[in-house]
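The values are calculated or read from the model by the stated rules, or taken from the named source; none is laboratory data. Remember, it's a predicted structure, so these values are computed and weren't measured experimentally. Cβ coordinates were reconstructed from backbone atoms using ideal geometry, including for glycine residues, and neighbour counts include every protein chain displayed. Ligands, DNA and RNA are excluded from the accessible area calculation, which covers all protein heavy atoms including side chains. Shrake-Rupley method; radii C 1.70, N 1.55, O 1.52, S 1.80 Å.
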Amino acid sequence: MRRGVFISFEGPDGCGKTTQIAKLARYCRDKGYDTVVSREPGGTPISEKIRSLILDPENTEMDPRTEALLYAASRAQHVAQLIEPALEQGRIVLCDRFIDSSIAYQGFGRGLGDGVRIINEFAVKSVMPDITFFLDIDARIGHERNAREGKADRLELEALDFHRRVGEAFREIAASDARFRRVDASGSIEEVFGRIVTVFEAFMAERG
Ligand code: TYD
């Protein structure tokens, strides 16, 4: 059985990943691809429990290193229990955030540096996305989108400055690795989706 395709979606809060992933999943299924959608932190029962620990607004005492290790732990379980088996079954896996979120948020945003990459490489073994969409949007617009939707978990309440740093980090990481496909995430849902489909089709054609 040919290995499936692993696609992750990254970007600052409010960049519209979740909507775009749902649309791409529908598009893939319509084309007959066996497609699974997942998200991080989360994706398996254990990982979802870790997610609630991390995002709980009451956990104000959480040390940044604890947070980074919890994200990595959640990811390890997600890879072992869901992503790897799905790829072995030849499925398309669309994942809302993956390792690059940890590098951007914990590595750069929280200033934990390269240790974040190291714990995550341990967590994922060598399971990495084939391509990663980076939905690029100005941190302020993303922040405003979320505020409008009334979404504010512990991390979304962080200062705008933190989100700016994270946005810059994503831009830097994306520019340094051919795995990334940067997509302008400003404009209407349909406009952004059109850009994503073009890139997806090019990748599938290249893959053969
Ligand atoms: P997510 O559910 O994707 O929120 P949104 O849909 O608003 O993007 O992610 C929740 C938060 O977790 C988000 O603020 C980003 C953060 N996060 C990290 O800091 N590190 C990570 O490794 C991951 C996966 C997420």
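Considered as an equivalent ellipsoid built on the Cα gyration tensor, the chain has semi-axes of 25, 21, 16 Å, the largest given first. In order along region 42-54, phi translates into HN-Hα couplings of x, x, 9, x, 5, 5, 5, 5, 5, 4, 5, 4, 5 Hz, rounded to whole numbers, per the Karplus curve 6.51 cos²θ - 1.76 cosθ + 1.60 with θ = phi - 60° and x for Gly and Pro.
Restricting attention to the chain, lysine pairs at least eight places apart or on different chains and with alpha-carbon atoms under 26 angstrom apart total 8.
Note that region 200-208 has calculated 3J(HN,Hα) couplings of 4, 5, 4, 5, 5, 5, 5, 5, x Hz, one per residue in order, obtained from phi through the Karplus relation 6.51 cos²θ - 1.76 cosθ + 1.60 (θ = phi - 60°); glycine and proline are x. Taking amide H as placed 1.01 Å from N in the peptide plane, Arg182 has its amide H under 5 Å from the amide H of Phe134, each at least 5 places away in sequence or on another chain.
I need the peptides 63-74, 99-110 ranked by packing, meaning the mean over residues of other C-beta atoms within 10 angstrom, with the highest value on top.
99-110, 63-74
Once the chain from Ala205 to Ala25 is taken as fully extended at 0.36 nm per residue, the excess over their C-alpha distance is 63.0 nm. The Kirkwood radius of region 96-208, taken over pairs of alpha-carbon atoms, gives through the Stokes-Einstein law at 20 °C and 1.002 mPa s a diffusion coefficient of 139 µm² s⁻¹.
Coupling constants for region 29-34 follow from the phi torsions by the Karplus curve (6.51 cos²θ - 1.76 cosθ + 1.60, θ = phi - 60°), and in residue order they are 5, 4, 7, x, 7, 6 Hz; glycine and proline get x. Each of Ile92, Gln81, Ser186 was placed along the dipole of the chain (beta-carbon charges, centred on the mean Cα), and the one lying farthest toward the positive end is Ile92.
For a quick check of your reading of the filter: which trypsin sites (Lys or Arg not before Pro) in region 1-46 sit in a DSSP loop and have no more than 14 other Cβ atoms within 10 Å? Present the calculation step by step, with values, prior to reporting the outcome.
On the way: sites: Arg2, Arg3, Lys17, Lys23, Arg26, Arg29, Lys31, Arg39; in loops: Arg2, Arg3, Lys31.
Taking region 1-46 and a limit of 14 other Cβ atoms within 10 Å, the loop trypsin sites (Lys or Arg not before Pro) found are Arg2, Arg3, Lys31.
Close amide H contacts of Arg39 (hydrogens built in the peptide plane, cut-off under 5 Å, sequence separation of 5 or more or a different chain): Asp96. From its DSSP helices (H runs of at least four residues, each -39,500 (n - 2.57)), the chain gives a residue-normalised ellipticity at 222 nm of -15000 deg cm²/dmol.
Please report, as a whole percent, how much of the solvent-accessible surface of region 5-207 comes from carbon and sulfur atoms (probe radius 1.4 Å).
Numbers: 5000 of 9490 Å².
On region 5-207, the fraction of accessible area on carbon and sulfur atoms equals 53 percent.
Using a simple spin-label model with pseudo-atoms 7 Å out from Cα toward Cβ, Leu53 and Glu121 lie 2.5 nm apart.
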